Amino acid sequence: MHPMTDPFPATLIARVDRATPDPELMALAGQIIRQGGLVAFPTETVYGLGANALDAAAVARIFQAKERPASDPVIVHIHSLAQLDEVAVDVPPVAFTLAEQFWAGALTLVLPRHPAVPPGISAGRATVAVRMPAHPVAQALLQAAGVPIGAPSANRFSRPSPTSAAHVMADLNGRVDVVLDGGSTDIGIESTIVDLTGPVPQVLRPGGIPLEALRPLLPALAYRPQYLPDDVASAPAPGTLLKHYSPQADVLVFQGSDPLRVLEAMHQTADKYVAEGHSVGILAQDSDALHFRGLEVQIVLCGRDEAAFATHLFAGLRTLDAVPVQKILVRAPQPVGLGLAVQDRLIRAAEGHIIQVR
Ligand code: AMP
Ligand code: MG
């Protein structure tokens, strides 16, 4: 393996026992990171595509592998609070309060960037997004590497995020040196990102930590959802593009306060598409499945509540793509708890195709 010289060497897939990652394997993966290579690894949110965050050339390879525009910054992962000093400066006291409660975990903080962190990781911004992941394999990799690891989700740009090693291979086979296969991820959607560099703390992306959990510590927390058209250069904040997390099929998101009316509208739409000769998939909460009985549709169940929906969302989109279906219909969960982040991902997966049912 020559991660330094070959831009796209063969990919090694290594199974890892998540409870007790093999030290020799982790040492090898850590060495590949230090040599400038790419290692995909499980976190509690989704799989990450990791490189040495302090090595500008290694970071550039992340963008190359993902075909990600350079304007979209990458989150830096650390194993301990001691490592925070290596990547951020002028850390405000509230960051430590948040870290105490939510790290290790699915919260990313945007802070002033340390000069040792190459600007390319942050799309040239003076800030850096930092997270301490809780997953034992992510922790072991960070310990073995001994350097902070820059890692976006390990998917091709604008595809659904990967929640298993198979998803990573489907998108990045041959573009990453090693995939550490630690099974399916738990939370299934990305971290919540909070920017602490402005006048008020601002949510840049809802995610694995619900806003309700943050508000007691951040009463002024602001959240203004942004869904921008497909023009990366003009995006005022990174990661706010409308098209993201998209499967091949067209996604239609149904919203409304009365679940029965929403389900009725979905049923009618599915019926119409089937009559027109389209193949149709439905991503359904368990309790909704009965409403689609008798329809010639492919149903993927997403569990009983918002948290289960988050866990199964991206895998469900990929499963329906593999059938394949041409249309995916889905009822958005209520925007409470993890439901807010699920709704955000659905709106982007649907590229704004929302049907409001009154
Ligand atoms: P991903 O790593 O694929 O989960 O996406 C990372 C996202 O983190 C980006 O799309 C941005 O929304 C956000 N992000 C990372 N770094 C910064 C930063 N320095 N400032 C603002 N947002 C950031
Ligand atoms: Mg991503």
- Task: Kindly establish whether VAL251 is among the β-branched types (Val, Ile, Thr), more than 14 Å from ligand 1 (Cβ to nearest atom) and buried (at least 19 other Cβ atoms within 10 Å of the Cβ).
- Result: yes
- Query: Where in region 52-108 are there helices (runs of 4 or more DSSP H), lying fully within it, with 1 or more residues that are in contact with a Pro (Cβ under 7 Å, 6 or more places away or on another chain)?
  - Reply: 56-66, 84-87
- Task: Check ALA104, ALA88, ALA51 and return the single one that is within 18 Å of ILE209 (Cβ to Cβ) and touching a strand residue (DSSP E or B) at 6+ places or on another chain (Cβ under 9 Å).
- Result: ALA104
- Filter result (of a type outside the set (A, V, I, L, M, F, W, C) and open to solvent by less than 80 Å² (accessible area, probe 1.4 Å)) within region 254-270: GLN255, GLY256, ASP258, PRO259, HIS267, THR269
- Of the residues in region 113-132, those that are of a type in the set (Val, Ile, Thr) and either more than 16 Å from ligand 2 (Cβ to nearest atom) or part of a strand (DSSP E or B) (or both) come to VAL117, THR127, VAL128, VAL130
- Task: With the checklist (1) closer than 17 Å to VAL179 by Cβ; (2) modelled with pLDDT of 95 or more; (3) outside any strand (DSSP E or B); (4) touching a strand residue (DSSP E or B) at 6+ places or on another chain (Cβ under 9 Å) in hand, flag the one item ALA40 doesn't pass.
- Result: (3)
- region 219-247: number of residues that are surrounded by 19 or more Cβ atoms within 10 Å (Cβ to Cβ) and either modelled with pLDDT of 70 or more or among the acidic types (Asp, Glu) (or both): 4
- Task: Please work out which one of (1) open to solvent by 10 Å² or more (accessible area, probe 1.4 Å); (2) within 16 Å of ligand 1 (Cβ to nearest atom); (3) free of Cβ contacts under 8 Å to residues at least 40 places away in the same chain; (4) outside any loop (DSSP other than H, G, I, E, B) is the condition ALA166 fails and give its number.
- Result: (2)
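Residues checked against (1) open to solvent by 30 Å² or more (accessible area, probe 1.4 Å); (2) assigned to a helix (DSSP H, G or I):
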{"residue": "ILE282", "(1), (2)": "no, no"}
{"residue": "ALA308", "(1), (2)": "no, yes"}
{"residue": "THR319", "(1), (2)": "yes, yes"}
{"residue": "ILE328", "(1), (2)": "no, no"}
- Task: Scan HIS312, HIS291, HIS353 and give me the residue that is within 16 Å of the chain's Cα centre (by Cα) and open to solvent by 60 Å² or more (accessible area, probe 1.4 Å).
- Result: HIS312
- Message: Being β-branched (Val, Ile, Thr), at negative phi, assigned to a loop (DSSP other than H, G, I, E, B) and surrounded by fewer than 17 Cβ atoms within 10 Å (Cβ to Cβ) is true for just one of VAL200, VAL176. Which residue is that?
- Response: VAL200
- Considering only region 180-197, state which residues are open to solvent by less than 30 Å² (accessible area, probe 1.4 Å) and not small (Gly, Ala, Ser). LEU180, ASP181, THR185, ILE189, GLU190, THR192, ILE193, VAL194, LEU196
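The values are calculated or read from the model by the stated rules, or taken from the named source; none is laboratory data. Only a predicted model underlies this, so the values are computations on that prediction, with no experimental measurement involved. Virtual Cβ from ideal backbone geometry, glycine too; neighbours counted across all protein chains shown. To get the accessible areas, we keep the full protein, side chains included, count just its heavy atoms, and leave off ligands, DNA and RNA. Shrake-Rupley method; radii C 1.70, N 1.55, O 1.52, S 1.80 Å.
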